[in-house]
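Accompanying notes for the structure given below.
The values are calculated or read from the model by the stated rules, or taken from the named source; none is laboratory data. Keep in mind it's a predicted model, so treat the numbers as computed, not measured. Every residue, glycine among them, receives a Cβ derived from its backbone with ideal geometry; neighbour counts consider all protein chains shown.
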Amino acid sequence: MIGFLKKRRPSPERLHRLAHEQGVVRPFTILLSLPQSARSHLAAVLGIRLRPERETPEEQAWRIINADLRGIQARSHGPREQLVPMARNHNWWEILLAAARRLKLRIYPGLSEREVERLVFEEIAERVVRGLPEAEVARLDRTAIEQPALVAALANLGLSKNGLRLVLAGIHRLARIGQKMQPEEPVFRTRMGALQSLSRALRLVKERFGGLVVAWTSMDALRKVIGDPRARFLAVLMALYFHNLLEEGLDEVELLKA
């Protein structure tokens with residue numbers, strides 16, 4: 001008896017071409033640059049189970065973008081588009097516009113993709129911080145005073161005050177998990193020590209990026225922002241923007257040091 005032919009897996013080159021053809025090169029490239037733990041977790045947020053032992057990074061990135069019903073292209077579709085079986089996949093600009101609509105942001109003509117990415121990230125940060133207890137926000141602000149190098153490095157990326165608070169909130173949670181600390185303990189002094197340079201600060205945050213994504217998506221305040229299952233792609237967009245921001249910031253600092 002002749003067995004069924006195995007479905008041929010797309011090559012990395014083919015997936016890069018598909019990303020170009022569908023206008024999603026930017027998220028595809030950023031997804032490839034993520035640590036495996038972050039890529040797997042973001043996929044899980046969307047309801048996608050990756051198989052790193054069998055799938056190439058390109059296959060994983062493409063599934064996060066293109067998976068039926070669950071990928072960021074599908075989740076960015078409105079109710080009308082979801083009812084049309086052959087609806088065209090959204091490109092990156094259309095995905096960003098869908099995210100802006102979900103957040104009720106006004107997007108003015110002439111804005112670039114990067115500017116819309118920033119607006120989406122900062123709006124999510126604003127809403128998450130607004131949902132945190134006052135005592136926690138006060139703790140985050142004390143940490144910002146205690147760690148001027150970290151604050152300077154993140155501010156140099158262009159983060160707003162609440163964008164900075166969002167990053168600190170994630171790192172606080174990571175430190176407490178690692179040391180089983182009480183919320184009022186000074187997590188940075190005891191766990192990470194003084195940060196002496198912009199590049200060291202950015203590198204430290206990037207090294208913890210996978211855990212940072214897990215910490216963010218476990219926050220009740222963020223869950224309220226992406227409460228609608230169709231809006232889960234907002235968490236992915238937020239993470240992709242921040243990771244790319246870290247990489248570009250590190251590249252810039254290294255160029256200045258050279």
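Tabulated results
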quantity: Conditions (1) at pLDDT 80 or above; (2) part of a loop (DSSP other than H, G, I, E, B); (3) crowded, with 16+ Cβ neighbours inside 10 Å: number failed by residue 167; calculated: (2)
quantity: Residue 138 vs. criteria more than 30 Å from residue 98 (Cα to Cα) and either modelled with pLDDT of 90 or more or in contact with a helix residue (DSSP H, G or I) (Cβ under 8 Å, 6 or more places away or on another chain) (or both); calculated: yes
quantity: Residue satisfying condition, being modelled with pLDDT of 95 or more and surrounded by 15 or more Cβ atoms within 10 Å (Cβ to Cβ), within set 198, 240, 250, 202; calculated: 240
quantity: Enumerated helices (runs of 4 or more DSSP H) restricted to the range 30-117, each holding at least 1 residues that are closer than 20 Å to residue 244 by Cβ and modelled with pLDDT of 95 or more; calculated: 36-45, 57-66, 72-75, 92-102
quantity: Tabulated pairs, the range 225-251, first in contact (Cβ under 8 Å) with a residue 24 or more places away in the chain, second assigned to a helix (DSSP H, G or I) and among the acidic types (Asp, Glu), C-beta under 6 angstrom, 6+ apart or interchain; calculated: 241/117
quantity: Close pairs from the range 201-219: first in contact (Cβ under 8 Å) with a residue 12 or more places away in the chain, partner of a type in the set (S, T, N, Q), Cβ under 6 Å, at least 6 apart; calculated: 210/37
quantity: Residue satisfying all of: in the range 205-258; acidic (Asp, Glu) and in a helix (DSSP H, G or I); farthest from residue 101 (Cα to Cα) among these; calculated: 254
